[in-house]
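Encoded as structure tokens, the structure appears first; notes follow it.
The values are calculated or read from the model by the stated rules, or taken from the named source; none is laboratory data. Being a predicted model, the structure only gives us computed values, none of them experimental. Cβ sites come from the backbone with ideal geometry, for glycine too, and all protein chains shown count toward neighbours.
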């Protein structure tokens, strides 16, 4: 039950929304999410969106590589 | 993976692994999430690390940590004529104190068991079956407790008198503290459960700093788990014990306040039994007084105090990280996913199941 599914919001009606992944649509509850908009990505657990994805953070894959280089430098 | 998100290249992953493997002290790193257990086995992460870095699985599978006492109670409940059990699928094949005490077997005896995807499905079942008592099995850590809270509030708003919850939700902090204080375990770092952290935030794991225990909140893709291990090793090398959060695309410092509020105004913390670990102080969530009419334990109290299991199953020791699944004498011989003896082999999130499926032993 702890497996999360990332879904894209395609419809919102009060506390319910339709999330989509690879063309498959699923009705979910969005009680736990504030300011949800169509097009947002959410992580869904047991039928509930538990958080919105922060895209700016998700796209920052370079961050850890910089930290790694720093760590290796400090190591020597 | 989200759209637009790029996985790290293998070249980058190898660089990170090289750094991790440059650490040669003997250490035990524990994860406390069934999905991490699976990811580590599935991606073969153990075999990518040097042999001094020992990855152990802790009590992170909610089904597995549910004690026989509760499983037997659920079985008995399911055989009551006017009861419908609504449950997440994971619970259906888990045996209680005897191998035949499963909901699957109860169903064969005529029990009414409905598998649900969401707690809200259970509320709908209660509305559709006004003459039955619908009992939702509220299981899981902080990640799923808010969903149970919403269902209870919805049932109250609808005036449902036939919707009940058996709340066996558990909290991770009390059990992590207990394991850290167990000197025979010697945990040197925690890979913190990413989706519990979504709810409790980085703040929810700051208590690990009191123990000088390096820890990182990790996601569930191969690179995300490796990132988590990287930060723990970096913390160990630099003796920096601040909690690290490489899963910040989902985990906020303060967590999900709506979810935390739901937990705190629907449940109370109680001393709760864990399989293999015993009773852990303030580690369980039961419905509070405002919602006691929905608490099935108020209607049918648990009368049994203890149950004994004498079938050789070592799930308890495995959940504490004291034994690896393949060190249990039953593993792979008597106990397999087709014929599971204990919950760690039944649940897809269990460490025995993950070890068996991916043969990581």
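Exactly one condition in (1) under 20 Å from residue B:87 (Cβ atoms); (2) crowded, with 24+ Cβ neighbours inside 10 Å; (3) within 18 Å of the chain's Cα centre (by Cα) is false for residue B:151; which is it?
That leaves (3) as the condition not met.
Take residue B:330 and tell me if it is within 19 Å of the chain's Cα centre (by Cα) and surrounded by fewer than 21 Cβ atoms within 10 Å (Cβ to Cβ).
Taking the combined requirement at face value, the residue does not satisfy it.
If you scan region B:79-91, which residues turn out to be crowded, with 17+ Cβ neighbours inside 10 Å and outside any strand (DSSP E or B)?
B:88, B:90, B:91
Checking the conditions here, which among B:148, B:143 is outside any loop (DSSP other than H, G, I, E, B), facing chain A (nearest Cβ under 10 Å), under 18 Å from residue B:62 (Cβ atoms) and touching a strand residue (DSSP E or B) at 6+ places or on another chain (Cβ under 6 Å)?
Only one candidate passes the filter, namely B:148.
Name the residue that is farthest from residue B:218 (Cα to Cα), counting only residues in region A:13-23 that are modelled with pLDDT of 90 or more and assigned to a loop (DSSP other than H, G, I, E, B).
Restricting to residues being modelled with pLDDT of 90 or more and assigned to a loop (DSSP other than H, G, I, E, B), the top hit is A:14.
Considering each of B:321, B:342, B:350, B:316 in turn, give the residue that is modelled with pLDDT of 90 or more and surrounded by 16 or more Cβ atoms within 10 Å (Cβ to Cβ).
Being modelled with pLDDT of 90 or more and surrounded by 16 or more Cβ atoms within 10 Å (Cβ to Cβ) holds for just one of B:321, B:342, B:350, B:316, which is B:350.
As an exercise: evaluate residue B:114 against (1) outside any strand (DSSP E or B); (2) surrounded by fewer than 18 Cβ atoms within 10 Å (Cβ to Cβ) and give the number of the one condition it does not meet.
Evaluating residue B:114 over (1) outside any strand (DSSP E or B); (2) surrounded by fewer than 18 Cβ atoms within 10 Å (Cβ to Cβ) leaves (1) as the failure.
Looking at (1) in a helix (DSSP H, G or I); (2) over 15 Å from the mean Cα position of the chain (by Cα); (3) touching a residue at least 12 places away in the same chain (Cβ under 8 Å), find the lone condition where residue B:76 falls short.
Here residue B:76 meets the rest and fails (3).
Provide a single number: the residues in region B:54-88 that are out of contact with any helix residue (DSSP H, G or I) (no Cβ under 7 Å at 6 or more places or on another chain) and more than 30 Å from residue B:303 (Cα to Cα).
Number satisfying all stated conditions: 2.
Pairs under 6 Å by beta carbon, first residue more than 10 Å from chain A (Cβ to nearest Cβ) and on the phi > 0 side of the Ramachandran plot in region B:3-17, partner modelled with pLDDT of 65 or more and surrounded by 17 or more Cβ atoms within 10 Å (Cβ to Cβ), six or more apart or different chains?
Once the first residue is more than 10 Å from chain A (Cβ to nearest Cβ) and on the phi > 0 side of the Ramachandran plot and sits in region B:3-17, no partner that is modelled with pLDDT of 65 or more and surrounded by 17 or more Cβ atoms within 10 Å (Cβ to Cβ) comes close enough.
Within region B:30-73, track down each residue that is touching a strand residue (DSSP E or B) at 6+ places or on another chain (Cβ under 9 Å) and over 28 Å from residue B:168 (Cβ atoms).
Of everything in region B:30-73, those that are touching a strand residue (DSSP E or B) at 6+ places or on another chain (Cβ under 9 Å) and over 28 Å from residue B:168 (Cβ atoms) turn out to be B:45, B:46, B:49, B:52, B:53, B:54.
What's the number of the only condition in (1) in contact with a helix residue (DSSP H, G or I) (Cβ under 7 Å, 6 or more places away or on another chain); (2) farther than 24 Å from residue B:29 by Cα; (3) touching a residue at least 24 places away in the same chain (Cβ under 8 Å) that residue B:299 fails to meet?
Going through the list (1) in contact with a helix residue (DSSP H, G or I) (Cβ under 7 Å, 6 or more places away or on another chain); (2) farther than 24 Å from residue B:29 by Cα; (3) touching a residue at least 24 places away in the same chain (Cβ under 8 Å), residue B:299 breaks only (1).
Being within 14 Å of another protein chain (Cβ to nearest Cβ), touching a strand residue (DSSP E or B) at 6+ places or on another chain (Cβ under 8 Å) and either over 22 Å from residue B:315 (Cα atoms) or surrounded by fewer than 24 Cβ atoms within 10 Å (Cβ to Cβ) (or both) is the filter here, so list the residues in region B:117-139 that pass it.
B:118, B:119, B:120, B:121, B:122, B:123, B:125, B:136
Taking residue B:323 and the conditions (1) within 20 Å of residue B:40 (Cα to Cα); (2) in contact (Cβ under 8 Å) with a residue 12 or more places away in the chain; (3) part of a loop (DSSP other than H, G, I, E, B), which numbered condition does it fall short on, given that it satisfies the others?
Looking at each condition in turn, residue B:323 falls short on (2).
Among the listed residues A:10, A:44, identify the single one that is under 17 Å from the mean Cα position of the chain (by Cα), more than 7 Å from every other protein chain (Cβ to nearest Cβ), outside any loop (DSSP other than H, G, I, E, B) and modelled with pLDDT of 95 or more.
A:10 is the lone residue from the list that is under 17 Å from the mean Cα position of the chain (by Cα), more than 7 Å from every other protein chain (Cβ to nearest Cβ), outside any loop (DSSP other than H, G, I, E, B) and modelled with pLDDT of 95 or more.
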